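Computed from the coordinates by the stated procedures, all read-outs in this text should not be read as laboratory data. Just so it is clear, the structure is predicted and the values come from calculations on it, not from any experiment. Cβ: placed from backbone, ideal geometry, glycine included. Neighbour counts: every protein chain shown.
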Amino acid sequence: MTVKRPAGLARKAGENGGSTRTRRNGGAARSAVKDVVAQTVRSGIIRIVIDPARSQSPAFGGLSFGSVGQYEKLRGTAYGEIDPADPRNAVITDLQLAPVNTRGMVEYSMDIFILKPINLNNGSHRMLFDFNNRGQMRLGRLNDARMTNDPSTAKDAGTGFIMNLGYSVVSNGWDFGASGLQSMKIKVPVATNRGKTITGPSYEYIVFDDDSTLTSELTFPAATTSKSEARLTVRALLDDKPVAVPESGWEYTSAEGKAIRLLPEGTPFKQSHIYEFTYTAKDPVVSAVGLAATRDFVSFLRHATAEEGNPLAGHVQHTFSYSISQPSRVLNDFQTLGFNEDLRGRRVFDGILSHTGGGSGDQINFRFGQTDRTERNRQNHLYPEAVFPFAHPVLTDHLSGKTAGRSQRGAASNTSPKRFEVNTSNEYWCKAASLLHTDTRGKDLPDPEDVRFYLLSGLSHGVGDINDRKEGQQFTNAVSPFAAHRALLVALDQWVSQGMAPPESKAPRRAADGVMAVARPGFQTGVVPQAALGWPNIPGVTYTGLISTRHFLDFGPDLDKGIIANYPPSLVGRPAYPIFVSRVDQDGNEVAGVRLPPVEAPVATTTGWGLRRAEYGENDGAESDGQHIPFKTTGAERLAAGDPRLSLEERYKDHAGYVAAVTRAARKLEAQRFLLPADVQMYIDEAQASNVLMPAAV
């Protein structure tokens, strides 16, 4: 299984990896077991332990990848220490309240994953950090393989895209909330006030889309199980007024106060209604330890020696991060808080390919912050995920008066990475992604020197199924971003390693193709006017213009210290930041951004937004799911249905015409460096194999 190394990524003459022996039949896993104390810095990674039972050499059933050869997989645990006195760690909320060892250090441990060429000299001397999502790695997305944290078989290698490029792939636990057998987990300390329990306000947003369980785990245990100290409310739709659920309608599941469940008494259970639980929590964890741990592990693999237990010693010349969704928001915080500078002042990640992070963070540096939450057009609006700064340049927020930027610390220390901000339509409709490239008044900003912005037009947050509606009114959007990711990773590498200019940004701009949303005072959602957007009247499709707004919320006076006092905050009298989305064409497909072949040569209208159907909260937002609204096949069918969008027949005439349109779209994107040749051919092959306008079998 071989994929040709794209032009520009061949190993340079003179690039040398660490001293490595080719080992087979499990030898690497056995010989790689180490328990070595690293003495290079006062804090950081102290030792790593490779577990031979979970490691594999060669990996992938012995499969070889072009000139790189075979790979081996190392799984184990890293142990680290954080110095509370180091100014680079001072930004970590509650670090001073964490327990310390005899050396005055805060300890942590985490799962680690390393996938590397057995012969490191055959690799490209590049490390790709798989910034896992809730403990789940995303390497399979780039390789067109199944998602797994334990790739073992030849099938798990998929196309072998990353391995054929010679990258080593690395991941570590960072999210205190990650769980599951193979998940990448981390153990972080609980903060105390000189040994005394810390308590504070907490809040849970709960939706049951079925009645299989009416129990909800709490992120943090309750400080008391007295019901009089908590409040549960319910409402049908997001902008309805909450109604209190009587104490007889719910209970804690145990004396430990770690979960609640609904009871038959009181307000009857309603499927897909919104329940919100406000209570006093205890035992906050120092969750931003996960940021320092990631910084220190990547730096360790890049700079530590073999004697210090580094399996990649001498091998790593360039470091890249690949992330989807939650970890992309974490990377926003990672940069904002200065963690791309290691303990010796060196850059951690040279390049970041961030997908669907928008301009939001991940609450990782707040007391009682909930890293698994994410705001969209129906859910989780009242958490401190979306607080200033949103954009990379240093700006002054006209609402709070604060001055900051996500790249501010990196610019000061000369450690900013090259970064691709890739988002879908869903992030513009549901997560205010336009604030990534505007000021807080909604004015377009020029691209920062080290950042480019790409809207993948008409895509939803995830990849749906055109035969599945889930909770939505329409079938879900199945257009995939991963072919574009492969091309963008190559372009990012070329930008970092060769100074080759990246593809121009392709995102909606307010002055050109951006359509402003209208915020509604006191409501969590706003509206995009249909006429301004250009949305067609499609039979059987509801358009409300529902969009998430980005409010300036009051979480209390100590938010900058990571302490939330008002939880949940009130919307009363709170202003909203201006946001916008891309205008659409006559089909309802977005005009701005990177239009992949399914959007440029479409068989349907695809959107990043969707609406819930009747039994699931009718006309509230469908969260991450977009829509697939197919075209009619013939002009006669279209006219009979009253559909204003041209039919397939009117667009392409026949199957060959459709294949030709897809080919043109794919070739155009290849010329713009948004697709690689193998993926261009993939789109053409899929078009040829499709049944679009194929004559009926005789």
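Table for the structure above
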{"quantity": "Candidate set from the range 638-669 (those that are in a helix (DSSP H, G or I) and among the basic types (Lys, Arg)); member that is surrounded by the most Cβ atoms within 10 Å (Cβ to Cβ)", "calculated": "Arg638"}
{"quantity": "Flag for Tyr252 being free of Cβ contacts under 8 Å to residues at least 60 places away in the same chain, aromatic (Phe, Trp, Tyr) and farther than 29 Å from Leu546 by Cα", "calculated": "yes"}
{"quantity": "Leu353 surrounded by fewer than 20 Cβ atoms within 10 Å (Cβ to Cβ) and not in a helix (DSSP H, G or I)", "calculated": "no"}
{"quantity": "Residue satisfying all of: in the range 153-173; out of contact with any Phe, Trp or Tyr (no Cβ under 7 Å at 6 or more places or on another chain) and part of a loop (DSSP other than H, G, I, E, B); farthest from Tyr71 (Cα to Cα) among these", "calculated": "Gly173"}
{"quantity": "Among the residues listed as Phe269, Phe220, the single one being in contact (Cβ under 8 Å) with a residue 40 or more places away in the chain, assigned to a loop (DSSP other than H, G, I, E, B), surrounded by 17 or more Cβ atoms within 10 Å (Cβ to Cβ) and not polar (S, T, N, Q)", "calculated": "Phe220"}
{"quantity": "Residue in the range 274-287 that is assigned to a helix (DSSP H, G or I) and either out of contact with any Ser or Thr (no Cβ under 9 Å at 6 or more places or on another chain) or without any contact (Cβ under 8 Å) to a residue 12 or more places away in the chain (or both) present", "calculated": "no"}
{"quantity": "Residue within the range 513-531 that is more than 20 Å from Asn423 (Cα to Cα), exposed (fewer than 14 other Cβ atoms within 10 Å of the Cβ) and among the hydrophobic types (A, V, I, L, M, F, W, C) present", "calculated": "yes"}
{"quantity": "Hits in the range 223-262 (condition: more than 29 Å from Gly621 (Cβ to Cβ), out of contact with any Ser or Thr (no Cβ under 8 Å at 6 or more places or on another chain) and not in a loop (DSSP other than H, G, I, E, B))", "calculated": "Lys227, Ser228, Ser248, Glu251"}
{"quantity": "Search result, residues across the range 414-435 that are under 15 Å from the mean Cα position of the chain (by Cα) and under 20 Å from Thr403 (Cα atoms)", "calculated": "Ala432, Ala433"}
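Conditions (1) within 30 Å of Gln672 (Cα to Cα); (2) touching a Pro at 6+ places or on another chain (Cβ under 9 Å); (3) surrounded by 24 or more Cβ atoms within 10 Å (Cβ to Cβ), marked per residue:
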{"site": "Ile563", "(1), (2), (3)": "no, yes, no"}
{"site": "Tyr567", "(1), (2), (3)": "no, yes, no"}
{"site": "Ile579", "(1), (2), (3)": "yes, no, yes"}
{"site": "Arg583", "(1), (2), (3)": "yes, yes, no"}
{"site": "Gln586", "(1), (2), (3)": "yes, yes, no"}
{"site": "Val603", "(1), (2), (3)": "yes, yes, no"}
{"site": "Glu615", "(1), (2), (3)": "no, no, no"}
{"site": "Asn619", "(1), (2), (3)": "no, no, no"}
{"site": "Gln627", "(1), (2), (3)": "yes, no, yes"}
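One line per residue, one yes/no per condition, for (1) among the aromatic types (Phe, Trp, Tyr); (2) in contact (Cβ under 8 Å) with a residue 40 or more places away in the chain; (3) over 23 Å from Thr356 (Cα atoms):
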residue: Pro508; (1), (2), (3): no, yes, no
residue: Asp513; (1), (2), (3): no, yes, no
residue: Ala531; (1), (2), (3): no, no, yes
residue: Asp554; (1), (2), (3): no, no, yes
residue: Pro557; (1), (2), (3): no, no, yes
residue: Phe580; (1), (2), (3): yes, yes, no
